[in-house]
Amino acid sequence: MKLSYDKETDSLYIHLSNTPSVDSDEVAEGVVLDFDCNGKLVGIDVQNASQKTDIESISLAHLPLQTLEAA
């Protein structure tokens, strides 16, 4: 997973996969889910992110260390 924040557009994108998205669904105002050709969730776009969350305090709470060690 990768987080990208664009300060200029105030957009936070959460990359869940490197697979390209082919479909999107806005599930709430300014929150868009992106899906691949198989319907798998590949990303989350949060528009006006600084109004929806404290961008400065985003942190990882838990890393799946077993998965990282196996990779």
Notebook entry, point to check: Quick one: net charge of Ser50's neighbours, Cβ under 13 Å, K/R +1, D/E -1?
Noted result: -3
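Between beta-carbons, use under 10 Å as the cut-off and find the net charge around Thr19, counting Lys and Arg +1, Asp and Glu -1.
-1
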Check: Given the rule -39500 (n - 2.57) for each run of at least 4 DSSP H residues, summed and divided by the residues of the chain, what is its mean residue ellipticity at 222 nm, to the nearest 500 deg cm²/dmol?
Finding: -2500 deg cm²/dmol
Next item on the list: Compute the longest continuous run of the chain that contains no exposed GluC sites (Glu not before Pro); treat a site as exposed when its DSSP state is not H, G, I, E or B and it has at most 13 other Cβ atoms within 10 Å.
Entry: 30-71
Notebook entry, point to check: Residue by residue, what Karplus-based ³J(HN,Hα) values in Hz, rounded to whole numbers, does region 22-29 have, using 6.51, -1.76 and 1.60 with θ = phi - 60° and x for Gly and Pro?
Noted result: 10, 8, 9, 9, 7, 8, 7, 4
Check: Which of these, Ala61, Ala49, Ala28, has the largest mean-square fluctuation under a Gaussian network model of the chain (Cα springs below 10 Å)?
Finding: Ala61
Margin query: Could you give each residue of region 44-59 its phi-based ³J(HN,Hα) in whole Hz, using Karplus coefficients 6.51, -1.76, 1.60 with θ = phi - 60°, and x for Gly or Pro?
Written below: 10, 10, 10, 8, 6, 4, 5, 8, 9, 7, 8, 3, 5, 10, 5, 8
Notebook entry, point to check: Quick one: net charge of Asp34's neighbours, Cβ under 14 Å, K/R +1, D/E -1?
Noted result: -3
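A short reminder: the numbers here are calculations on the coordinates, not readings from a lab. Keep in mind that what you see is a predicted model, and the values were worked out from it rather than measured. All Cβ positions, glycine included, derive from the backbone under ideal geometry; neighbour counts span all protein chains shown.
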